[in-house]
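The values are calculated or read from the model by the stated rules, or taken from the named source; none is laboratory data. Not measured: the values here are computed from a predicted model. Heads up, the Cβs are rebuilt from the backbone with ideal geometry, glycines too, and the neighbour counts pull from every protein chain shown.
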Amino acid sequence: MSEQRVLLVDDEEELRRSTAQALELFGLSVQAFATADDVMELAGFSFDGVIVTDIRMPGTDGMTLLHRIRELDPEIPVILVTGHGDVQLAVKAMREGAYDFLEKPFTPQHLADVIRRALDRRALVLENRRLKAVAGKRDDLEARLPGRTQVMVDLRYRIRAIGSAEADTLIIGDTGAGKEVVARALHDISPRANRPFIAINCAALPDNLIESELFGHEAGAFPGALRARYGKFEHGRGGTILLDEIGSLPFDLQAKFLRVLQERVISRLGSNELVPLDVRFIATSKVDLEAEVAAGRFRADLLYRLNVATIRVPSLQQRRADIPLLFLHLVREAAARYGRDDLEVPPDILSAVGQKDWPGNVRELRNAADRLVLGLEIDPGEHNSNGAEGGSRLAEKVATFEKTIIAGAIAAHGGALRPVYEALGISRKTLYDKMQKYGLDKKMLGPDHAIYDEREG
């Protein structure tokens, strides 16, 4: 692997020279340029480094350079240096793919820290590109997030790709879709796996104690603070901090959290001492934070610093073909949890489950599996989606219904195809043809099953 490099672009000679010398004192290899055009000759798909550029420059400015670099390789980190009046422009640049921005004046230490994180991210990107067929490997991630639809394959691939990085991550998904499961998986495959994983429900923290809960306090900081206390941020040092439903964080506290993200230091209430904070932040949201920014309830600069990497967790509606298999998986989990024998799920229940809308997503489906194992009544016909999409053509509705029925029957019979085509009243060839048409192969049954044909006896 080539030496990691920092390409520094600034048209002011004195500032360019002093910045390069300061970064070299921090052990970084720096090449400095007066114009952006020379950088284009060095950057490329295999470039193992980071670009730091001023925004305001004659000729090719920093924004233009960012766009050109992203055309070469959108995963090359570009760090923008801005004057005070350019902050909104820099926020726009982060929306368009910049890694980070620093507002002048900044310390060489701060810039070096940002560059090191960007270099780590770039090294991970290049390493992942060298790994072949990583998405096809079976591992614990498939047990945590089962499913064979393309959206789930893509989700697991993305988790593997960024799990070992130090990048802060934003996880977006509907209620009950599994955002915390994804967050925990990111932690467990990272170098921080043996360090704390601190989950903080921002929506549940009391307004009058939230700052103390997060940052801690010194004795006497407020009435009732009889002794010093670590906050949750300090408890998570060396590990991962999950901020669940980050959109619920009070607006005034968002500015303080932004400083934590920028500088990786905190100060307890009642203290001026700065405490270094070595953590990775993961945040989740069920609401559109872009809309929250537009409504003035969430800071734009916090959003674009927080989502260095973004993961979107699909709803069950987006992976409907997974529902029968997922329900069987949850039934097995529930049986083990309640100490019950393995339960045979009747094909008609499994088919009905596959047709139902699940607005509560995996959480609601898990509750139904628990009820079934406990012998309680479930209503798989409620919220039935059949016909819900009024704009769809009849043929599309029939195809969706047929695919769900076949997938449910295959899963219910554990992969044996003979009872499936007998129960459905179709020939073996017709079943095979329809499986090929709908992409239903042995993969949909998970790693513990294989499709076979009991032809005789």
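Restricting attention to the range 173-184, and to residues there that are at pLDDT 90 or above and part of a helix (DSSP H, G or I), which single residue is surrounded by the fewest Cβ atoms within 10 Å (Cβ to Cβ)?
Within the range 173-184, the match that is surrounded by the fewest Cβ atoms within 10 Å (Cβ to Cβ) is 181.
Can you tell me which of (1) over 23 Å from the mean Cα position of the chain (by Cα); (2) surrounded by 13 or more Cβ atoms within 10 Å (Cβ to Cβ); (3) not aliphatic (A, V, I, L, M) is the one residue 254 doesn't meet?
Only one criterion in (1) over 23 Å from the mean Cα position of the chain (by Cα); (2) surrounded by 13 or more Cβ atoms within 10 Å (Cβ to Cβ); (3) not aliphatic (A, V, I, L, M) is unmet by residue 254, namely (1).
Across the range 327-344, which residue is surrounded by the most Cβ atoms within 10 Å (Cβ to Cβ) among those that are out of contact with any helix residue (DSSP H, G or I) (no Cβ under 7 Å at 6 or more places or on another chain) and either on the phi > 0 side of the Ramachandran plot or assigned to a helix (DSSP H, G or I) (or both)?
329
Please count how many residues of the range 30-73 are exposed (fewer than 14 other Cβ atoms within 10 Å of the Cβ) and within 20 Å of residue 127 (Cα to Cα).
The qualifying residues number 5.
For every residue, the table says whether it meets (1) touching a Cys at 6+ places or on another chain (Cβ under 6 Å); (2) at pLDDT below 85; (3) within 23 Å of residue 121 (Cα to Cα).
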{"position": "187", "(1), (2), (3)": "no, no, yes"}
{"position": "236", "(1), (2), (3)": "no, no, yes"}
{"position": "262", "(1), (2), (3)": "no, no, yes"}
{"position": "269", "(1), (2), (3)": "no, yes, no"}
{"position": "273", "(1), (2), (3)": "no, no, no"}
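Which condition does residue 165 not pass, out of (1) in a loop (DSSP other than H, G, I, E, B); (2) at pLDDT 90 or above, if it passes all the others?
Of (1) in a loop (DSSP other than H, G, I, E, B); (2) at pLDDT 90 or above, only one is false for residue 165: (2).
In this structure, is residue 71 in contact with a helix residue (DSSP H, G or I) (Cβ under 8 Å, 6 or more places away or on another chain), under 23 Å from residue 167 (Cα atoms) and not β-branched (Val, Ile, Thr)?
no
Please determine, by comparing only the residues of the range 79-123 that are in contact (Cβ under 8 Å) with a residue 40 or more places away in the chain and among the β-branched types (Val, Ile, Thr), which one is farthest from residue 20 (Cα to Cα).
91
Residues to consider are 193, 203; find the one that is assigned to a loop (DSSP other than H, G, I, E, B), among the small types (Gly, Ala, Ser) and within 23 Å of the chain's Cα centre (by Cα).
One residue alone meets the criteria, 193.
Could you list all residues from the range 250-304 that are β-branched (Val, Ile, Thr) and in contact (Cβ under 8 Å) with a residue 12 or more places away in the chain?
If the condition is that a residue be β-branched (Val, Ile, Thr) and in contact (Cβ under 8 Å) with a residue 12 or more places away in the chain, then 260, 265, 266, 275, 279, 282, 284, 287 are the ones that fit.
Which of the helices (runs of 4 or more DSSP H) contained wholly in the range 1-117 include at least 1 residues that are at pLDDT 90 or above? Give the steps one after another, and end with the answer.
Values: elements: 13-25, 62-72, 87-95.
Helices (runs of 4 or more DSSP H) meeting the threshold: 13-25, 62-72.
If a residue has to be surrounded by fewer than 18 Cβ atoms within 10 Å (Cβ to Cβ) and either touching a Leu at 6+ places or on another chain (Cβ under 9 Å) or not assigned by TED's automatic domain parsing to the domain that holds residue 310 (or both) to count, how many in the range 265-291 make the cut?
The total comes to 3.
Which numbered condition in (1) in a strand (DSSP E or B); (2) closer than 22 Å to residue 204 by Cβ is the only one that residue 260 fails?
Of (1) in a strand (DSSP E or B); (2) closer than 22 Å to residue 204 by Cβ, only one is false for residue 260: (1).
Take residue 248 and tell me if it is within 19 Å of the chain's Cα centre (by Cα), surrounded by fewer than 21 Cβ atoms within 10 Å (Cβ to Cβ), among the small types (Gly, Ala, Ser) and at pLDDT 90 or above.
Judged against the criteria, residue 248 is a match.
Quick one: which residue in 366, 418 is at pLDDT 80 or above, within 26 Å of residue 145 (Cβ to Cβ) and not assigned by TED's automatic domain parsing to the domain that holds residue 174?
On inspection, the qualifying residue turns out to be 366.
Within the set of pairs 6+ apart or on separate chains, which have a first residue in the range 216-229 that is within 18 Å of residue 256 (Cα to Cα), a second that is of a type in the set (A, V, I, L, M, F, W, C) and in a loop (DSSP other than H, G, I, E, B), and C-beta atoms under 9 Å apart?
The qualifying pairs are 216/228; 217/225; 217/228; 218/225; 218/228; 221/228.
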